[in-house]
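Enquirer: This is the structure I want to talk about, given as structure tokens.
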Amino acid sequence: MKTNSDLSKQKYMEKHNFVTIADLSKERILYLIQMAREFERHPNRELLKGKVVATLFYEPSTRTRLSFETAANRLGAKVIGFSDAKASSVSKGETLKDTILMVSNYADVIAMRHYIEGAAQYAGEVAPIPIINAGDGAHMHPSQCLLDLYSIYKTQGTLENLNIYLVGDLKYGRTVHSLITAMRHFNPTFHFIAPKELAMPNEYKLYCKEQNIKYQEHTAFNDKIIADADILYMTRVQKERFSDLMEYERVKNVYILRRNMLGLARENMKIMHPLPRVNEIAYDVDDDPHAYYIQQAQNGLYAREAIFCYTLGITLDDIRNDKTIID
Amino acid sequence: MSSMENKKERLVAAIENGTVIDHIPAEKTYQVVGLLGLDKLTTPVTIGNYFASKRIGKKGIIKVSDKFFTTEEISRLSVVAPKVVLNIIKDFEVVEKKTVETPDELRGIVKCNNPKCITNNEPMQTVFHVVDKVDGILKCHYCDKEQEMGKVELC
């Protein structure tokens, strides 16, 4: 006779957390990208019919939450959750562990956004159901990273041997740090373009050296510098990041991409941005064929459909042989 | 041995069986007591501190009767007193000398110095990976922040 613990082990055997992209192998990343591709072909299905997805947002992030909730809805799941910790028992002093265990009684998977670093890792350790990290403070945002990888793959046809230019706030920008980590498998050449105060931190440059990732650093940002780019990844230079406001005033207009800087760009070059943008991409770029940031956000839907399925043990074959597609 | 030296020796009584922890930097003696949980033992424990030491200036020495520590317990000392020596005593004789080995992982010993780390915001145990044993670099399992072993705050 099977004991309770055997049964629960069996039930959760295929459980995967999605907490960080750093520990995913090359094969696993490519597998998730293939999944996202299937969802782009047919986004509406009933693969998660009968499942309940919880979105626990301890800090507001409307864009990310809507993307996760849309992904769940388009796969036929029901969604519960909260969009602000003020509305939950956290405001009464409940621990994260208690909240996670309580919600695990109701839901099949939890997508959680938290302002505390490492919260998702811990939640993944205590929860009997899969945990998806929808951002934990300045630490990780792996679903953003997967949608970035999918966007690169989709526009370039490969992730191998690309020239990737990262522009703007490279010191605090977690998306650019995750991208370096995830791209280590694919022999990229990075170019870091940033003001001195927001330059790529040493720990990431050391990481590049350890992993044999080629990189160059620039402080200038112009048409010649970016002429060899396959991907131009823009980020926001925020005033509050500067200790020296004179420095901010000096550089605030340097890291703005304008259409007249795209004359020498490669044909395949795409401009990405994690959004929201403020003024770092001029609006005249929007109509340029290199602009890709709005489609990039749409890819987030397919990437998150893939993440839900991956965490719940649904395979690429299950998705390819899926009979629940709604046309 | 002169009578003077004899008197010095007798500052701390010999034990029949147990462990003598020697060469503890004097300011770390009570941290060692805490890390090994000696305050909870019910066997005789003798704590001596600020003795002259040729090697480290002032040292602490702790004698614990009828207690032999596991490698895991000893490795807890690597963050405060990596150079201590543990003399294993049987029938009043030193039968073995053990030194501290830096472990791969530290659980519930060190505080994370990132105030935004989950371990400082939830009643839970900290976990650190020792990423560089030579330079003594710890990395938080949860928030990935690194810190130097010599500068840690204990839980």
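The values are calculated or read from the model by the stated rules, or taken from the named source; none is laboratory data. Treat the numbers as computed from the prediction; the structure is a model and nothing was measured. We place every Cβ from the backbone using ideal geometry, glycine too, and count neighbours over all the protein chains shown. The accessibility values were calculated without ligands, DNA or RNA, using every heavy atom of the protein model including side chains. Shrake-Rupley method; radii C 1.70, N 1.55, O 1.52, S 1.80 Å.
Enquirer: Using Cα-Cα distances under 8 Å and only pairs 6 or more residues apart, what relative contact order does the range A:142-297 have, in percent?
Expert: About 24 percent, as a whole number.
Enquirer: Ranked from highest to lowest mean number of other Cβ atoms within 10 Å per residue, what is the order of the peptides A:229-240, A:260-271, B:94-105?
Expert: The peptides rank, most packed first, as A:229-240, A:260-271, B:94-105.
Enquirer: Right, something else. Please report the spacing between the Cα centers of the range B:127-142 and the range A:219-241 in Å, no decimals.
Expert: The range B:127-142 and the range A:219-241 have Cα centres separated by 34 Å.
Enquirer: A follow-up question, please. Could you report the accessible area of A:ASP284 in Å², rounded to 10, computed with a 1.4 Å probe on the protein chains as they sit in the structure?
Expert: 80
Enquirer: Just to be sure I understand the interface: list residues from the range A:132-154 that lose 40 Å² or more of accessible area between the chain on its own and the complete protein assembly, 1.4 Å probe.
Expert: Residues shielded by partner chains are A:HIS139.
Enquirer: Partner chain Cβ atoms within 10 Å, averaged over the residues of B:108-121 - can you pull that number for me?
Expert: 4
Enquirer: Tell me, what % of the accessible area of chain B is carbon and sulfur with a 1.4 angstrom probe?
Expert: 49
Enquirer: Return the Rg/Rh ratio of the range A:142-297 with Cα-based radii and a Kirkwood Rh.
Expert: Across the range A:142-297, the Cα-based Rg/Rh ratio is 0.93.
Enquirer: Something else now. How large is the Kirkwood hydrodynamic radius of the range B:46-139, in angstrom, based on all distinct alpha carbon pairs? Each step should come with its number before you reach the end.
Expert: Details: mean 1/r = 0.0640 Å⁻¹.
Radius from the Kirkwood sum: 15.6 Å.
Enquirer: Kindly provide the helix-only [θ] at 222 nm of the protein assembly as shown, computed as the sum of -39,500 (n - 2.57) over DSSP H runs of four or more divided by all residues, to the nearest 500 deg cm²/dmol?
Expert: Calculated mean residue ellipticity at 222 nm is -8500 deg cm²/dmol.
Enquirer: How much accessible area per residue does the protein assembly as shown have, counting only protein heavy atoms and a probe of 1.4 Å, in square angstrom? Walk me through the intermediate numbers first.
Expert: Numbers: 23760 Å² over 482 residues.
Value for the protein assembly as shown: 49 Å² per residue.
Enquirer: Let me ask you something else. Give the interface area between chains B and A as buried accessible surface, both sides summed, probe 1.4 Å, in Å² to the nearest 100.
Expert: 1000
Enquirer: If you take each beta carbon of peptide B:143-149 and count the beta carbons of other chains within 10 angstrom, what is the mean?
Expert: Across the residues of B:143-149, the mean count of other-chain Cβ atoms within 10 Å is 3.
Enquirer: Would you work out which of A:ILE193, A:ALA227, B:GLY60 lies farthest towards the positive end of the dipole of the protein assembly as shown? Charges go on Cβ: Lys and Arg +1, Asp and Glu -1.
Expert: B:GLY60
Enquirer: Can I ask one more? Ignoring everything but the protein chains, give the 1.4 Å probe accessible area of A:MET112 in square angstrom, nearest 10.
Expert: Ignoring ligands and nucleic acids, A:MET112 comes out at about 0 Å².
Enquirer: Measure up A:LYS51/B:LYS145; A:LYS239/A:LYS270; A:LYS196/B:LYS116 against 29 Å on the Cα-Cα distance and list the ones that go over.
Expert: Correct reply: A:LYS51/B:LYS145.
Enquirer: For the range A:273-284, what does the Karplus curve 6.51 cos²θ - 1.76 cosθ + 1.60, with θ = phi - 60°, yield as ³J(HN,Hα) per residue in whole Hz, taken in order and with x for Gly and Pro?
Expert: With the stated coefficients, the range A:273-284 comes to 7, x, 6, x, 9, 10, 10, 6, 10, 5, 5, 5 Hz.
Enquirer: Heads up, I need the accessible area for A:HIS290: 1.4 angstrom probe, whole protein in place, Å², nearest 10.
Expert: 20
Enquirer: Which parts of the range A:76-117, residue by residue, lose 40 Å² or more of accessible area when the rest of the protein chains are there, as against the chain isolated (1.4 Å probe)?
Expert: A:ILE116, A:GLU117
Enquirer: Okay, next question. Let me understand the range B:86-126 better: what is its radius of gyration from the alpha carbons, and its Dmax, in angstrom?
Expert: According to the Cα coordinates of the range B:86-126, Rg and Dmax are 17.8, 52 Å.
Enquirer: Follow-up. What are the ³J(HN,Hα) values, in whole Hz, obtained from phi via the Karplus relation 6.51 cos²θ - 1.76 cosθ + 1.60 with θ = phi - 60°, for each residue of the range A:316-322 in sequence order, with x given for Gly and Pro?
Expert: Here the 3J(HN,Hα) series is 4, 5, 4, 6, 5, 9, 5 Hz.
Enquirer: From the backbone phi of the range A:31-48, what are the Karplus-calculated ³J(HN,Hα) couplings (6.51 cos²θ - 1.76 cosθ + 1.60, θ = phi - 60°) in whole Hz, Gly and Pro given as x?
Expert: 3J(HN,Hα) across the range A:31-48, in whole Hz: 5, 5, 5, 4, 4, 4, 4, 4, 6, 5, 5, 9, x, 9, 8, 10, 4, 10.
Enquirer: At what distance in nm do the modelled label points of A:THR219 and A:ASN202 sit from each other, each positioned 7 Å from its Cα along Cα→Cβ?
Expert: 1.8
Enquirer: Same structure, new question: Taking H placed 1.01 Å from N in the peptide plane, check which residues at least 5 places from B:LYS58 or on another chain put their amide H under 5 Å from its amide H.
Expert: The list, which skips near neighbours in sequence, is B:ALA26, B:SER53.
Enquirer: Sort B:34-47, A:58-71 by packing, meaning the average of other beta carbons within 10 Å per residue, with the highest value first.
Expert: Packing order, densest peptide first, comes out as A:58-71, B:34-47.
Enquirer: Check A:ILE80: other-chain or 5+ apart residues with amide H under 5 Å from its amide H, H built from backbone geometry?
Expert: A:VAL53, A:ALA54, A:THR55
Enquirer: What number does the protein assembly as shown give for Rg over Rh if you use C-alpha atoms and the Kirkwood radius?
Expert: Answer for the protein assembly as shown: 1.08.
Enquirer: Give me the percent of the accessible area of the range A:109-267 that comes from carbon and sulfur atoms, probe 1.4 Å, all protein chains in place.
Expert: On the way: 2770 of 6160 Å².
Of the solvent-accessible surface of the range A:109-267, carbon and sulfur hold 45 percent.
Enquirer: What is the dipole size for the range A:142-297, taken about its Cα centre, with +1 at each Lys and Arg Cβ and -1 at each Asp and Glu Cβ, in debye to the nearest 20?
Expert: Working: 19 positive and 20 negative charges, 44 e Å.
For this selection, approximately 220 debye.
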